[in-house]
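Reviewing the structure listed below.
The values are calculated or read from the model by the stated rules, or taken from the named source; none is laboratory data. Keep in mind that this is a model prediction, so the values were computed, not measured. Cβ sites come from the backbone with ideal geometry, for glycine too, and all protein chains shown count toward neighbours. Accessible surface areas use protein heavy atoms only, side chains included; no ligands, DNA or RNA. Shrake-Rupley method; radii C 1.70, N 1.55, O 1.52, S 1.80 Å.
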Amino acid sequence: MREVFDMIVVGSGPAGQKAAVQAAKVGKKVALIERSRDLGGSCVHHGTIPSKTLRENALRVRNMRMNAELAQFKLAEDLELATLINRLEEVLAEHDNYMRRQIERNQIELIHGRAQFMSEKVLQVIGVKNTRRELQAEHIILATGSTPRKPDNIPIDHENIFDSDSILSMLYLPKSLTVLGGGVIASEYASIFQALGVKVTMIDKYPQPLGFLDSDLTEHFVRAFESMGGVWKGNATVLSCEWNNVDAVVVTCDDGSEVRSEKLLCAAGRIANVGDLNIEAAGLQVNEQGLISVDENLKTDVENIFAAGDVIGPPSLASASMEQGRRASCNALGIQLGKMSNTIPSGIYSIPELSAVGLSETQARKKFGDILVGRANFDEIARGQISGIQNGMLKIICDAEGRKVLGVMIVGEGATELVHIGQMALLSNADVDIFVESIFNFPTLAEAYRVAALEIIGKRSQFSEAY
Ligand SMILES: Cc1cc2nc3c(=O)[nH]c(=O)nc-3n(C[C@H](O)[C@H](O)[C@H](O)COP(=O)(O)OP(=O)(O)OC[C@H]3O[C@@H](n4cnc5c(N)ncnc54)[C@H](O)[C@@H]3O)c2cc1C
């Protein structure tokens, strides 16, 4: 028998969860379909939460090493990786509980199984024991997320050669690790493992990692990574990669060099989860990038089907996915929310952290020609000196008159929090003077905004005596 709902949401990651709750809050009968036993998607189980839990411990380890004169410190030999993410189970259980309570409270029907289209309004859910249920709804939201891309020449076996979904299943902290890729996930894991004392080599075809950031920030990241003992090998294409069946993964690059390590992480981007969905039955198809295309209202090419999160492509962040999910749900139900802001900050939880919002210096120069830029190094800031957080920099990008803030980029501890001050300035179309006229707590790293803003004001042609 076919069960009828007002809305069906496929996928319980950040996008699907918010979409389902939003529809239920306005009184709709909602079904949430999830193929995995656990709720929360890759954000909870393979991505954001696990990697950030490991990062917290890597920071502790690094800080203890830095304070070696206060206490003798050495990481145990053959340390089990599980010890380093010891709080993860607790964090995940708490999160799972919270989500299940929220789903129950909002009377959302949670159905475990693989969703597959039969037509644009009907989905079949195939359960573990091949049980089948047919669901129908006026509105359908696809929030099926993404999985790691597996290049043909990288034989990922999840034992010696891992992807970003399986890397934390390694039993022991290896002595050495090669990381293929120079994107966000590659940079985060490379610097986290290096901070834990693993000898990490990052290999990528581009000259610098994190190419969407300005080069002064990425140079800062590479310097910090190398000063911990890591090796950055840019401009290198991987020709082959194999486990030698004895003790090493061997990577051969196009310059003839060979890199050997105990384990390897392949972080070569992610692809949308659409394979299971039989989207053709709904009249949908993927675009050239293998993603589901949507318009500015998150509507697909089929009138009643909306999509949100990683399945529609960049920015591919949990933060953006949640808001897209909520908006897709409202738009599907005809609740007008207006256009979604594209002032989305990006946070890179590497060691050190990086974060950016608005235009980069490169983008702003390309778009406007003349611009003014102000910088503040954390070693000029009292809090940086006190806390020993001297390895950092904040940069404000401003229009040519030195008035309107166009973007903010930060490298250094606290970057992912600090960036929100710049985001608020951008969203409120503020003049850079706001950072000088406002009183900030002292001593704080936020003071870097003031120092960078003063540099811009100092460069204004009609420099005012007031400062
Ligand atoms: C290592 C790593 C670190 C990250 N760190 C951050 C970070 O610090 N900050 C940040 O903002 N973002 C981070 N991200 C990105 C973030 O995890 C994703 O952007 C986010 O999870 C996307 O949410 P989603 O709801 O679109 O998809 P997902 O979280 O992938 O959820 C999709 C769900 O759909 C289910 N599904 C798929 N197909 C079907 C089907 N046919 N039937 C039923 N269910 C199905 C899947 O099982 C899954 O549970 C990170 C990602 C990774 C990999």
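Miscellaneous remarks
- Translational diffusion coefficient (Stokes-Einstein; Kirkwood radius from C-alpha pairs) of the chain at 10 °C, 1.306 mPa s, in µm²/s: 66 µm²/s
- Among the listed pairs 339/404; 129/150; 150/299; 175/233; 199/233; 52/175, those whose Cα-Cα separation exceeds 24 Å are 129/150; 150/299.
- Angstrom value of the Kirkwood radius, inverse mean 1/r, which spans all Cα pairs in region 179-297: 16.4 Å
- Backbone HN-Hα couplings from phi across region 406-416 [Karplus 6.51/-1.76/1.60, Hz, Gly and Pro as x]: 9, x, 9, 10, 9, 10, x, 4, x, 4, 6
- Peptides 280-287, 326-333, 241-248 ranked from most to least packed by the mean count of surrounding Cβ atoms within 10 Å: 326-333, 280-287, 241-248.
- Computed [θ] at 222 nm, deg cm²/dmol, the chain (DSSP H ≥ 4; -39,500 (n - 2.57); rounded to nearest 500): -9000 deg cm²/dmol
- Amide hydrogen proximity for residue 118: with H placed 1.01 Å from N in the peptide plane, the residues at 5 or more positions away or on another chain lying under 5 Å are 123, 124.
- Apportionment of accessible area to carbon and sulfur, region 305-419, percent (1.4 Å): 48 percent
- Using θ = phi - 60° in the Karplus curve 6.51 cos²θ - 1.76 cosθ + 1.60, the 3J(HN,Hα) couplings for region 262-273 round to 5, 9, 9, 10, 9, 10, 9, x, 10, 10, 5, 7 Hz; x is entered for Gly and Pro.
- A simple rule links phi to the HN-Hα coupling: the Karplus curve 6.51 cos²θ - 1.76 cosθ + 1.60 with θ = phi - 60°, which for region 222-235 gives 4, 4, 5, 5, 5, 5, 7, x, x, 10, 9, 10, x, 6 Hz, with x for Gly and Pro.
- Rg followed by Dmax, in Å, when region 376-467 is reduced to its Cα trace: 12.6, 37
- Evaluated on region 4-64, the Kirkwood hydrodynamic radius is 13.3 Å, with distances taken between all distinct Cα atoms.
- Beta bridges per DSSP with both ends in the chain, % antiparallel, nearest 5: 60 percent
- Considering only alpha-carbon pairs that sit under 8 angstrom and 6 or more positions apart, the relative contact order computed for region 229-340 is 14 percent.
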